[in-house]
Structure formats: structure tokens, C-alpha cells
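Participant: First the structure, which I've put down as C-alpha cells, then a few questions once you've had a look.
The values are calculated or read from the model by the stated rules, or taken from the named source; none is laboratory data. From a predicted model like this one, the values you see are computed outputs, not experimental measurements. Quick reminder, even Gly has a Cβ in these numbers, built from the backbone with ideal geometry, and neighbours come from all protein chains shown. Accessible surface is based on the protein model in full, side chains and every heavy atom, while ligands, DNA and RNA are left aside. Shrake-Rupley method; radii C 1.70, N 1.55, O 1.52, S 1.80 Å.
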Amino acid sequence: MSQMREEGVIRKALSGFYYVQAGGEEVTCRARGKFRHQKITPLVGDRVAITRQPDGSGSLDEILPRRNAFQRPAVANIDQLVIIASGAIPVSDPFLLDRIISLAESKGCQPILCVNKWDLVPAQELLDIYRTAGIPALPVSAVTGQGIEELRGLLAGKISAFTGNSGVGKSSILNALDPAFALATGQISEKLGRGRHTTRHVELFPVAGGLIADTPGFSAFDQEKGGEALDKETLAETFREFRPYLGQCRFVGCAHVKEKGCAVLEALAEGKISPSRHRSYVRLYELAKENKPWEKT
């Protein structure tokens, strides 16, 4: 039997084995030694080329070009990042939301904001900030089911990752989308001792006609420092409501912080840009200035 090269997607990575969905079935693969020598780690979500072995297992030969890749959680080719926020306890900090949104935008990944616990606190002001910025934002309640069908529609045919700080109801929303998902992830957590940070196991599950990465969460939610560095040169482009004004400032290389003749600050004064979004931008800009060039990996 001649060995056939096939293409597939890594759906799960665990203990040096890669579980690749190829040709309608899951193939357990080992990565070739060249990846280790080149210090390249295949990621869940990677599109890969594999060769089947006579025993039915596979060897992972090549990683096809990535659209994007995240460090934590370690996933690639994510179409959209679903950010769960809440107006009830815990109340989401807009700065943390904006930081995650900028990270998604910098990687060509669509951010979607779900404001959960709408049945407890309808956080209309929070919703309006992001809708005005041109970011898809849904009022959601895992309890009453509000917004769940609309979210399911947005997930169809896409690879998505969910994130949000603890207590905002990520699991409840996933459970409302598909009870089997919560069951599967709960069993995995139990088996692997997740919660004590003993594992970096990530897996793509089929939910609502798409794939969802079960992820331990984004570290950028935990602390202001750490997480992936944003580049101050391109930061303004990650705020989509700034984009119409970029290149229209009086001075080239305008930082849009407090410069004279800044088109972004004029739009802010005219109420076209939300003050909370601009405050986040300034804070992120100050953080980005502190990043040393060698820290940008």
C-alpha cells in the first residue's frame, strides 16, 4: 500500500501526539523531528499535511501557512474570538476587553462581544460602546436563552475561541449552545486536573456548525503586564473606529494621545469615538512604548 499525503486540521494536541481530522476521520500523528530542530510547535487549528502509515497512524510532515497564531492559549487559524463580558458581578473592565479586542484585530481575527447576565443587569451602555465602534456585540443570557440563537448563527462554519475573565459565564454560555460541549470539557478538566494549570491541553470541539477551541483562557485578562505585546506603531489600526481618521492628522507619526491637529482627537471631541475606548488606547499605547523590540516575538 503506497503512502498517501493528505491534508487535515489538528483538532487536539496532547503529550506529543497530534489528532488530525483528515478525510472524515481522526488520525493520530507524531510530528517529524525537523519541527523540533527548527523549534516549531504544531498548534491546534493548524492546517497540516500528513502521511498515513501502514498501521493507520500518521506522520505530521508539514504545517501549511497560518492566518494567525496565539501564544496563550496555543491555537492557530482562529476566525473569531468570542469575548464574554458581564455587567453584573463580576463587572467587566472595558480596558481588559479593549486589550483582547486589539490583540484579535492585530491578528486578523474578528472580535465578537457577548454581554452575558443580561437578565440580571442589562449593560446597555457597554453594548453601545462596542456597537458604535463597529464591533459585533450581543446581549446574552445563558439563563433565559436570550441571544444564544444569534450567537449560534455567528459560530456556524467558523473556528472560534471563547475568552473572558472568570465568573462571567463562559461555561454557562457554551452549555446553553450545546450541553454535550460542557459535559465533554468538564470531563476533560476532571481527568487532566485543569484549574491547577497542570496542562496546556487545547481541543477543537464541533459546536453549532463550527469548531470551538476549549481554552483555559487568555492570560491577558489576568494582568496588565504579560500576555502578548502589542506594537505601538500599528496599535491605532486595531481600533476600528479610529481607521477613518488615520493619515488625516496634521503631523506624520501622530500618536493620537494629546497631539495638536490630531484627527482622532477631533473625532473624540465630536462624540464619534467613545471616551472609554480612547482611554484604553492611551493606556495600551503607554504599555506598548515600554515593550523592548526583542520582547516582540
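Participant: When the residues of segment 65-76 are narrowed to those that are open to solvent by 10 Å² or more (accessible area, probe 1.4 Å) and small (Gly, Ala, Ser), which ends up nearest to residue 169 (Cα to Cα)?
Facilitator: The residue in question is 74.
Participant: Then there's this: Name the residue, out of 279, 200, that is modelled with pLDDT of 90 or more, open to solvent by 50 Å² or more (accessible area, probe 1.4 Å), at negative phi and of a type in the set (D, E, K, R). Full working, then the answer.
Facilitator: Values: 200 fails: modelled with pLDDT of 90 or more.
Being modelled with pLDDT of 90 or more, open to solvent by 50 Å² or more (accessible area, probe 1.4 Å), at negative phi and of a type in the set (D, E, K, R) holds for just one of 279, 200, which is 279.
Participant: Filter the helices (runs of 4 or more DSSP H) completely within segment 77-173 down to those with at least 1 residues that are at pLDDT 90 or above, open to solvent by 10 Å² or more (accessible area, probe 1.4 Å) and small (Gly, Ala, Ser). Before the answer, list the steps.
Facilitator: Numbers: elements: 94-106, 124-132, 148-155.
Passing ranges, in order: 94-106, 148-155.
Participant: Let me ask something else. Taking into account only those residues within segment 50-64 that are touching a strand residue (DSSP E or B) at 6+ places or on another chain (Cβ under 8 Å), in contact (Cβ under 8 Å) with a residue 40 or more places away in the chain and not in a strand (DSSP E or B), which is surrounded by the fewest Cβ atoms within 10 Å (Cβ to Cβ)?
Facilitator: Across segment 50-64, the extreme among qualifying residues is 64.
Participant: Of 255, 263, which residue is surrounded by 12 or more Cβ atoms within 10 Å (Cβ to Cβ), of a type in the set (A, V, I, L, M) and either touching a residue at least 24 places away in the same chain (Cβ under 8 Å) or within 16 Å of residue 99 (Cβ to Cβ) (or both)?
Facilitator: Details: 263 fails: either touching a residue at least 24 places away in the same chain (Cβ under 8 Å) or within 16 Å of residue 99 (Cβ to Cβ) (or both).
The unique qualifying residue is 255.
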